[in-house]
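A quick write-up on the structure given underneath.
The values are calculated or read from the model by the stated rules, or taken from the named source; none is laboratory data. As the structure is a prediction and not an experimental result, all values here were calculated from the model. Please note: Cβ atoms are built from the backbone with ideal geometry, for glycine as well, and neighbour counts cover all protein chains shown.
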Amino acid sequence: MMKLRSSPASPFGRKVKIALAALGLKDRVEVENANTADPSDSLRGENPLGKIPALLLEDGSVLYDSAVILEYLDFLAGGGRLFPKGEARFKVLRDQALADGIMDAGILRVYEKRFKDPKYRDPAWDSYQAAKMERGLAYFEAQTPAPPSSYETLDAAAITLACTLGYLDLRFAGQWRQDHPRLVAWLDAFEAAVPVFADGKLPPAPLAENVNEPLR
């Protein structure tokens with residue numbers, strides 16, 4: 001059986017868990033929590049970067065990051081499910097990368113507050129990351145994709161966007177909702193079509209709370 005190293009608060013791990021359910025592969029993967037802050041955790045031997053998620057394959061090899069893992073899961077499911085074939089594939093890859101980038105920027109903002117003494121924090125750095133997030137959200141608000149109608153119509157970009165918005169609800173108190181009504185409606189429709197999304201919900205938590213959620 002394969003093993004997924006992740007943590008409940010990781011939006012990148014949530015991507016993989018949704019993909020597993022959508023592709024009918026959930027029973028082939030055991031999920032095991034990883035502590036990236038613990039040098040004794042085996043994660044650092046599994047992924048030299050010490051990041052989650054990491055997927056341990058049955059032959060002993062390991063795949064990371066989340067985008068690579070989704071590609072592999074799509075391959076196991078026969079291909080063409082999460083990543084369409086032909087030219088349409090590149091739009092999905094691009095939008096997945098943009099949504100991942102919004103999550104990356106958000107996590108960097110969380111880390112700025114979590115790990116730096118207040119006197120060493122850089123407001124300009126926080127504003128720089130916040131601007132990335134806003135530009136990305138503005139793009140998705142203007143180009144809001146059609147929500148999936150079922151698991152069969154789900155792609156990697158939609159999974160990633162949903163996990164991005166879920167992460168902003170978790171760590172930024174859903175502030176994105178006020179200025180992005182089309183994305184709010186899109187996320188509601190996504191959750192209705194993809195019930196497993198609700199399984200990964202955590203209650204909103206302060207930025208500085210020490211919950212394990214490293215980058216991909």
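To keep it simple, each residue is scored yes or no on (1) surrounded by 15 or more Cβ atoms within 10 Å (Cβ to Cβ); (2) assigned to a strand (DSSP E or B).
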| site | (1), (2) |
| --- | --- |
| LEU4 | yes, yes |
| ALA9 | yes, no |
| GLY13 | yes, no |
| LYS17 | yes, no |
| GLY24 | no, no |
| GLU30 | no, yes |
| PRO39 | no, no |
Worksheet item: Somewhere in the stretch 179-198, is a residue surrounded by 16 or more Cβ atoms within 10 Å (Cβ to Cβ), under 20 Å from ALA21 (Cβ atoms) and of a type in the set (Val, Ile, Thr)?
Response: yes
Discussion item. List pairs: first residue in the stretch 80-91 and in a helix (DSSP H, G or I), second residue surrounded by 16 or more Cβ atoms within 10 Å (Cβ to Cβ) and of a type outside the set (Asp, Glu) anywhere in the structure, Cβ distance under 7 angstrom, at least six positions apart or on different chains.
Written reply: ARG89/PHE83
Item to complete: Search the stretch 58-79 for residues being β-branched (Val, Ile, Thr) and assigned to a helix (DSSP H, G or I), and hand back the single one that is farthest from TYR151 (Cα to Cα).
Response: VAL68
Discussion item. If I filter the stretch 148-155 for residues that are farther than 29 Å from ALA34 by Cα, loosely packed, with under 13 Cβ neighbours inside 10 Å and within 20 Å of the chain's Cα centre (by Cα), do I get at least one hit?
Written reply: yes
Worksheet item: Got a sec? Which of ALA130, ALA157, ALA189, ALA162 is at pLDDT 95 or above, out of contact with any helix residue (DSSP H, G or I) (no Cβ under 9 Å at 6 or more places or on another chain) and not assigned by TED's automatic domain parsing to the domain that holds LEU20?
Response: ALA189
Item to complete: Scan ASP104, ASP126 and give me the residue that is farther than 27 Å from MET1 by Cβ, crowded, with 16+ Cβ neighbours inside 10 Å and charged (D, E, K, R).
Response: ASP104
Fill in: Among the residues listed as ALA88, ALA54, ALA77, ALA99, the single one being in contact with a helix residue (DSSP H, G or I) (Cβ under 7 Å, 6 or more places away or on another chain) and either outside the structural domain of ALA21 (by TED's automatic domain parsing) or surrounded by fewer than 20 Cβ atoms within 10 Å (Cβ to Cβ) (or both)
ALA99
